[in-house]
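Structure first, commentary second.
The values are calculated or read from the model by the stated rules, or taken from the named source; none is laboratory data. Source: prediction; values computed, not measured. Ideal geometry is used to build each Cβ from the backbone, glycine not excepted, and the neighbour counts take in all protein chains shown. When the accessible area is computed, the model is the full protein with side chains, heavy atoms only, and any ligands, DNA or RNA have been set aside. Shrake-Rupley method; radii C 1.70, N 1.55, O 1.52, S 1.80 Å.
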Amino acid sequence: MSHGDSGSSSGVGTGAGVESLSLDLLAHALAGVGDPRDRKSCRLASRGFARAEAASRRAARVLRREALPRALRAFPALSSLDLSACAGLDDASLAAALPEAPAPLLAVRRVRLARASGVGWRGLEALVAACPRLEAVDLSHCVAVGDREMAALAAAAGLRELVMDKCLGVTDVGLAKVAVGCPGLERLSVKWCREISDIGVELLAKKCPQLRSVDISYLKVTNESLRSLSTLEKLEDIAMVGCLFIDDDGLQMLSMCNSLQSIDVSRCNHVSSLGLASLIDDQRFLQKINVGHSLHEIETCLLSKLSTIGETLTVLRLDGLEIFASNLQAIGSTCKNLVEIGLSKCNGITDDGIVSLVAHCCDLRTIDVTCCHLLTNDALAAIAENCRKIECLQLESCPFISEKGLERITTLCSHLKEIDLTDCRINDTALKHLASCSELLILKLGLCSSISDEGLVYISSNCGKLVELDLYRCSGITDDGLAAVASGCKKIRVLNLCYCTQITDAGLKHVSALEELTNLELRCLVRITGIGITSIAIGCTSLIELDLKRCYSVDDAGLWALSRYSQNLRQLTISYCQVTGLGLCHLLGSLRCLQDVKMVHLSWVSIEGFEMALRAACGRLKKLKLLGGLRSVLSTELLQMLQACGCRVRWVDKPLVYKG
């Protein structure tokens, strides 16, 4: 009796001890808990931890609009709010969730609304009014956002950062509203806003003198925009990818701005080595240069100017150029502080060139030689000998690389975290060597047909930190290999098993043990059924993206399991699956976070089935992929509802087939 009482008293005392600690101490303890599930356990175990979490939490990602008001009330200290995955968010729900004027969200500084296609000017007006200290907003891929939305956002006078990539409705007028209303703007990205011209950029440069970073990629601007931007005394980072009307004269104008640290002129077809040399000539702080797919070759004038910034240059991307060994030797001898070099799809890259480069650039951490078909194990040996700090190796489609070269890398480069061996002729012995890299996080083995379960056993034995594994078209992989992966690599979040045709439901049962899995691709696994999908749904409750295209035996049973257990699912591909209208309707009606669905050639779903299913999810969907034949048979009312909710539909031009 006394022993039992003692145990009881001890338990009470322990609880009281936790509850008696200050919120600051409890918040400090929670800060050391990295896994969200462990943090949740702490909150459930102690009210003190729950209060500390509520008082100290600075960031939140809301997945359902119904939860937004509760989140704002529960976490008053939030400074960063991510609504990019908030299904069904629109003006009304956003305005209703925000507090009235007497109780503003003073702590909120950053809001992410990327792909929130249902939010318009009314919602932004309410957001700006409720968050008087707003400093950063992300509206990227809100394709319906236009000038009126920019006018609403311009009321946020303290705005410092604005991302509006692919806001297709924004013109010079909208940009002018922001420039006038937010004079303290420091970072702006208007990538793909193709209605913005030189006029808008000129006004931006005049009204926002604090700008440090500007991205005008894929705009139809000319050299005049660079003339305007060159007046910005604090400009450090400029990206103009794919600006086809910019040439060497524009780069010469930009050279007047001597504070640049990063320049991206990739895919600018009318710039040359001479223009880039003139731009570099007046720079003393340049750290990053990307000229990928813009030049045919790198000329002597540019190489000589690179030597003037050799002490500061850390990143150099030359993808798609014709590069010779002498060029790499010159780069290596003058740019000794490089930490990243991009040589993807460069013609002329040989072992001699890589040897001469890495002999001087010993601090390289990322090397991309994708599709450099002439490289052999000698190049890998040179990298291993000289670049002991290497963390990322991109070796896709390098056919002459084998297990011998990888043995040198894995022996000497203990910091390796990412390696891409897609379409390389490697075998299980190569994976045995890679298994010694205990820090490995990302491993891509797509199209490596010579690897088998044995290789995966090696990887799983020592690569427990792996978070991404790509086995695309690795036809030798079976259920046994997946058993090994699930046993030894429990932290995997991204897994690609497309076209691994030997995998069955038993293999998916093993995969279901990966509790942290968020992205799973199972395209064309013809042997799996609803049983395997049920295992995945029950075990992988964190799943966000799932691809079941051409899994011909997956039926309604799999969809019912997903409907019940996969409540976090946001992107789903079920094209060519053997599902019916009933299963589809239940699925789309149940998954409250689902936003992107591809469902082409669902031959067992009737017109009425599609109609009911789409109506069940109409307010939440952002992207759809459907057969073009459905456009003429679905009700006009439904199509108008989808459009009004901001859902973009991609119609596939193939005949409509129904077997029901």
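Select from the stretch 254-266 the residues that are of a type in the set (S, T, N, Q) and open to solvent by 10 Å² or more (accessible area, probe 1.4 Å) and write down the one among them that is farthest from Ser228 (Cα to Cα).
Ranking the candidates gives Ser266 first.
Testing Tyr499 on (1) touching a helix residue (DSSP H, G or I) at 6+ places or on another chain (Cβ under 7 Å); (2) over 23 Å from Ala613 (Cα atoms); (3) open to solvent by 40 Å² or more (accessible area, probe 1.4 Å), one condition comes back false. Which one is that?
Failed condition: (1).
Test Gly320 against the criterion of being modelled with pLDDT under 95, open to solvent by 20 Å² or more (accessible area, probe 1.4 Å) and not assigned by the TED database to the domain that holds Phe245, and give yes or no.
Here the answer is no, as Gly320 does not meet what is asked.
Among all residue pairs at least 6 apart or on different chains, which show Cβ distances below 6 Å where the first residue, located in the stretch 65-82, is under 22 Å from Leu621 (Cα atoms) and the second is in a helix (DSSP H, G or I)?
Listed by first residue and then by second, the contacts come to Arg65/Ser93; Leu68/Ala97; Pro69/Ala97.
For residues in the stretch 88-127 being surrounded by 22 or more Cβ atoms within 10 Å (Cβ to Cβ) and not in a loop (DSSP other than H, G, I, E, B), which is farthest from the chain's Cα centre (by Cα)?
Once the filter is applied, the top-ranked residue is Ala97.
Sort out which residues of the stretch 120-154 are of a type in the set (Val, Ile, Thr) and in contact (Cβ under 8 Å) with a residue 40 or more places away in the chain, and write them in order of number. Talk me through it step by step, then tell me what you get.
Quick first cut of the stretch 120-154, residues of a type in the set (Val, Ile, Thr) only: 128, 137, 143, 145.
Within the stretch 120-154, Val143 is the sole residue that qualifies.
Give me the residue from the stretch 576-601 that is in contact with an Asp or Glu (Cβ under 9 Å, 6 or more places away or on another chain) and part of a loop (DSSP other than H, G, I, E, B) and, out of that set, modelled with the lowest pLDDT.
Among residues in the stretch 576-601 that are in contact with an Asp or Glu (Cβ under 9 Å, 6 or more places away or on another chain) and part of a loop (DSSP other than H, G, I, E, B), the one modelled with the lowest pLDDT is Arg592.
Could you please let me know if Ser189 is in contact (Cβ under 8 Å) with a residue 24 or more places away in the chain and not assigned by the TED database to the domain that holds Lys288?
Numbers: in contact (Cβ under 8 Å) with a residue 24 or more places away in the chain: yes; not assigned by the TED database to the domain that holds Lys288: yes.
Here the answer is yes, as Ser189 does meet what is asked.
If I ask for residues that are among the acidic types (Asp, Glu), in contact with a strand residue (DSSP E or B) (Cβ under 7 Å, 6 or more places away or on another chain) and in a loop (DSSP other than H, G, I, E, B), which ones from the stretch 355-383 would you list?
Quick first cut of the stretch 355-383, residues among the acidic types (Asp, Glu) only: 363, 368, 378.
Checking which are in contact with a strand residue (DSSP E or B) (Cβ under 7 Å, 6 or more places away or on another chain) leaves us with 368.
The answer is none; no residue qualifies.
Those residues that are open to solvent by 10 Å² or more (accessible area, probe 1.4 Å), assigned to a loop (DSSP other than H, G, I, E, B) and either under 12 Å from Arg493 (Cα atoms) or of a type outside the set (D, E, K, R) (or both), I need them from the stretch 521-546; list them, please.
Going residue by residue through the stretch 521-546, those that are open to solvent by 10 Å² or more (accessible area, probe 1.4 Å) are 521, 523-524, 526-527, 529, 531, 534-535, 538-539, 541-542, 544-545.
Then keep just the ones that are assigned to a loop (DSSP other than H, G, I, E, B); that gives 523-524, 526-527, 529, 541-542, 544.
The answer is Cys524, Val526, Thr529, Thr541, Ser542, Ile544.
Given the options Leu232, Leu276, Leu251, name the one that is more than 22 Å from Lys166 (Cβ to Cβ), outside the structural domain of Trp192 (by the TED database), open to solvent by less than 10 Å² (accessible area, probe 1.4 Å) and part of a loop (DSSP other than H, G, I, E, B).
Details: Leu276 fails: part of a loop (DSSP other than H, G, I, E, B); Leu251 fails: part of a loop (DSSP other than H, G, I, E, B).
Selected residue: Leu232, the only one of Leu232, Leu276, Leu251 that is more than 22 Å from Lys166 (Cβ to Cβ), outside the structural domain of Trp192 (by the TED database), open to solvent by less than 10 Å² (accessible area, probe 1.4 Å) and part of a loop (DSSP other than H, G, I, E, B).
Select from the stretch 446-456 the residues that are more than 15 Å from Ile492 (Cα to Cα) and either under 29 Å from the mean Cα position of the chain (by Cα) or of a type in the set (Gly, Ala, Ser) (or both) and list them in ascending order. First the steps, then the outcome.
The initial filter retains those residues of the stretch 446-456 that are more than 15 Å from Ile492 (Cα to Cα), namely 446-455.
Within the stretch 446-456, Gly446, Leu447, Cys448, Ser449, Ser450, Ile451, Ser452, Gly455 qualify.
Check off (1) open to solvent by 50 Å² or more (accessible area, probe 1.4 Å); (2) more than 26 Å from Cys346 (Cα to Cα); (3) assigned to a loop (DSSP other than H, G, I, E, B); (4) among the hydrophobic types (A, V, I, L, M, F, W, C) for Val221 and give me the number that stays unchecked.
Status for Val221: all satisfied but (1).
Of Ala513, Ala506, which residue is hydrophobic (A, V, I, L, M, F, W, C), open to solvent by 20 Å² or more (accessible area, probe 1.4 Å) and in contact with an Asp or Glu (Cβ under 7 Å, 6 or more places away or on another chain)? Working first, answer last.
On the way: Ala513 fails: in contact with an Asp or Glu (Cβ under 7 Å, 6 or more places away or on another chain).
Testing whether each residue is hydrophobic (A, V, I, L, M, F, W, C), open to solvent by 20 Å² or more (accessible area, probe 1.4 Å) and in contact with an Asp or Glu (Cβ under 7 Å, 6 or more places away or on another chain) leaves just Ala506.
Identify, from the list Val579, Val597, Val657, the residue that is in contact with a Gly (Cβ under 9 Å, 6 or more places away or on another chain) and either open to solvent by less than 20 Å² (accessible area, probe 1.4 Å) or free of Cβ contacts under 8 Å to residues at least 12 places away in the same chain (or both).
On the way: Val597 fails: in contact with a Gly (Cβ under 9 Å, 6 or more places away or on another chain); Val657 fails: either open to solvent by less than 20 Å² (accessible area, probe 1.4 Å) or free of Cβ contacts under 8 Å to residues at least 12 places away in the same chain (or both).
Exactly one of Val579, Val597, Val657 is in contact with a Gly (Cβ under 9 Å, 6 or more places away or on another chain) and either open to solvent by less than 20 Å² (accessible area, probe 1.4 Å) or free of Cβ contacts under 8 Å to residues at least 12 places away in the same chain (or both), namely Val579.
Within the stretch 25-63, restricting attention to residues that are open to solvent by 90 Å² or more (accessible area, probe 1.4 Å) and not in a helix (DSSP H, G or I), which residue is modelled with the highest pLDDT?
Arg61
Any residue at all in the stretch 132-142 that's within 24 Å of Leu642 (Cα to Cα), crowded, with 17+ Cβ neighbours inside 10 Å and out of contact with any Leu (no Cβ under 9 Å at 6 or more places or on another chain)? Can you show your working first?
Taking the stretch 132-142 and keeping what is within 24 Å of Leu642 (Cα to Cα), we get 138-142.
With the extra rule that they be crowded, with 17+ Cβ neighbours inside 10 Å, the set shrinks to 138-142.
Going one step further and asking which of them are out of contact with any Leu (no Cβ under 9 Å at 6 or more places or on another chain), we end up with 141.
Checked the stretch 132-142: at least one residue is within 24 Å of Leu642 (Cα to Cα), crowded, with 17+ Cβ neighbours inside 10 Å and out of contact with any Leu (no Cβ under 9 Å at 6 or more places or on another chain).
It is to be established whether one or more residues within the stretch 622-632 are under 27 Å from Cys142 (Cβ atoms), among the polar types (S, T, N, Q) and at pLDDT 90 or above.
The answer is no, given that none of the residues of the stretch 622-632 is under 27 Å from Cys142 (Cβ atoms), among the polar types (S, T, N, Q) and at pLDDT 90 or above.
Counting just the residues of the stretch 161-181 that are under 14 Å from Val214 (Cβ atoms) and in a loop (DSSP other than H, G, I, E, B), which one comes out least open to solvent (accessible area, probe 1.4 Å)? Reasoning before the result, please.
Residues of the stretch 161-181 that are under 14 Å from Val214 (Cβ atoms), as a first pass: 161-165, 175, 178-179.
Cutting the leftovers down to in a loop (DSSP other than H, G, I, E, B) gives us 164-165.
On the way: Met164: 1, Asp165: 26 Å².
Ranking the candidates gives Met164 first.
Looking only at the stretch 558-572, which residues are open to solvent by 10 Å² or more (accessible area, probe 1.4 Å) and among the polar types (S, T, N, Q)?
Gln567, Asn568, Gln571
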